[in-house]
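Worksheet for the structure shown next.
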Amino acid sequence: MKSLRIAIDGPAASGKSTIARRVAEKLGFTYVDTGAMYRALALKAFREGVDIADTDSLRESIVEKTDFAIIDGELAMDCRPISNEIRSEKVSVLSSRIARIPDVRSFMIEEQRKLAKDGRVVMEGRDIGTVVLPDAEIKIFLTASASERARRRTLQLRSMGQCADEAEVLRDIRQRDLNDSSRSLAPLRSADDAITIDTTNMTLDEIIEIVVEKVQEN
Ligand code: C5P
């Protein structure tokens, strides 16, 4: 298999993570969840008591002191695996706020390009096909209705032992959609050359099959 890069973008809870991870497993590629990078950074700032709105201390105490790497096939921050605590709704909201900050975005773009430089990578996020890897060989943009995404995210949170109220999750998803698509830096949008897949009425296996077929055609 050629050394290619697969960019998978889409809104919150569109199924990107599960699909990207399964496609990477099938192809023997490295999987990079860039949302986890923003979440882990937001959680680190929160734990260290750094106010996200204070961009100077965020840059000096957090951004400049953070490093991402793939260790044993898994994304790690500061040499440690990223814990499931990044999946709480509190961290979702913080990560969406931190993702609007220019210093944070330029740092992330650099880190993400480093992680993808050897190819054989499936990288998922919001701006992978448009900004991080505009020359990725394969670009996929996943969509699904907000209510279907809220249903999926609620099930996922409950399966992780967190209590989740679907109406609240839907409100949070709508807010994050608005934040992610209205920000001036790298807003969420599909690249002109991306293949868009509406997953509302599709099973995971059907979606994965389409992506793997595209790779094999390449
Ligand atoms: O994908 P996930 O929901 O885990 O991402 C968390 C947040 O990180 C998103 O709401 C978005 O604001 C931000 N993000 C981003 N660019 C990416 C990946 C995530 O702005 N490439």
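The values are calculated or read from the model by the stated rules, or taken from the named source; none is laboratory data. Please read these numbers as outputs of a predicted model, since none were measured by experiment. Every residue, glycine as well, gets a Cβ built from its backbone with ideal geometry; the counts of neighbours run over all protein chains shown. Only protein heavy atoms, including side chains, enter the accessible area calculation; ligands, DNA and RNA are left aside. Shrake-Rupley method; radii C 1.70, N 1.55, O 1.52, S 1.80 Å.
A few notes on this one:
- Choice from 194, 136, 167 showing the highest fluctuation, given a GNM over the chain with Cα pairs closer than 10 Å: 167
- Relative contact order (%) - the chain, alpha-carbon pairs under 8 angstrom, separation at least six: 33
- In the chain, the calculated helix contribution to ellipticity at 222 nm averages -14000 deg cm²/dmol per residue, counting -39,500 (n - 2.57) for every DSSP H run with n ≥ 4.
- Magnitude of the charge dipole, the chain, Cβ model with Lys/Arg +1 and Asp/Glu -1, debye to 20: 220
- Of 65/139; 26/90; 26/214; 65/114; 26/65; 44/139, pairs whose Cα-Cα distance is over 23 Å: 65/139; 26/90; 26/65; 44/139
- For the chain: accessible area per residue (Å², 1.4 Å): 48
- Carbon and sulfur %, accessible surface of segment 157-218 computed with the full protein complex present, 1.4 Å: 46
- Whole-Å distance, taken between Cα centres, linking segment 182-218 and segment 55-106: 25
- Distance in nm between pseudo-label sites at residue 57 and residue 213 (7 Å out along the Cβ direction from Cα): 5.4
- Length available on full extension from residue 69 to residue 192: 0.36 nm per residue minus the Cα-Cα distance, which gives 41.3 nm.
- Hull shadow area, averaged, the chain [alpha-carbon convex hull, nm²]: 11.4
- Within the listed set 133, 41, 27, the residue fluctuating most in the Gaussian network model of the chain (springs between alpha-carbon atoms under 10 angstrom) is 27.
- Here's the picture: charge each Lys and Arg Cβ at +1 and each Asp and Glu Cβ at -1 in the chain, and of 167, 38, 125 the one pushed furthest to the positive end of that dipole is 167.
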